Amino acid sequence: MPRTELSKSNWTPEERAQFNRHRRGRNLLLLAALAGFSVLVYAIAIVKLHEYGQMW
């Protein structure tokens, strides 16, 4: 899919709205992936610290 510029003056309002919806969806998916990775790393750290008696 070729990259298009958002500032293109010949976009209709519907095309601009669709572009923004796709961008928002992609950003939310990336946010969810980043949050999931962060939770995974945190959980592994908690398990490892608990396993070696460094916690509680």
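Only the coordinates and a few stated rules stand behind these numbers; no lab work does. Every value quoted in this text rests on a predicted model; they were computed, and no experiment measured them.
Extension gain for the segment residue 15 to residue 31, taken as residue separation times 0.36 nm less the Cα-Cα distance, is 3.3 nm to one decimal.
Considering every alpha-carbon pair of the range 11-56, the percent of pairs per 10 Å bin, from zero through the bin containing the longest distance, is 25, 24, 18, 16, 11, 6, 0.
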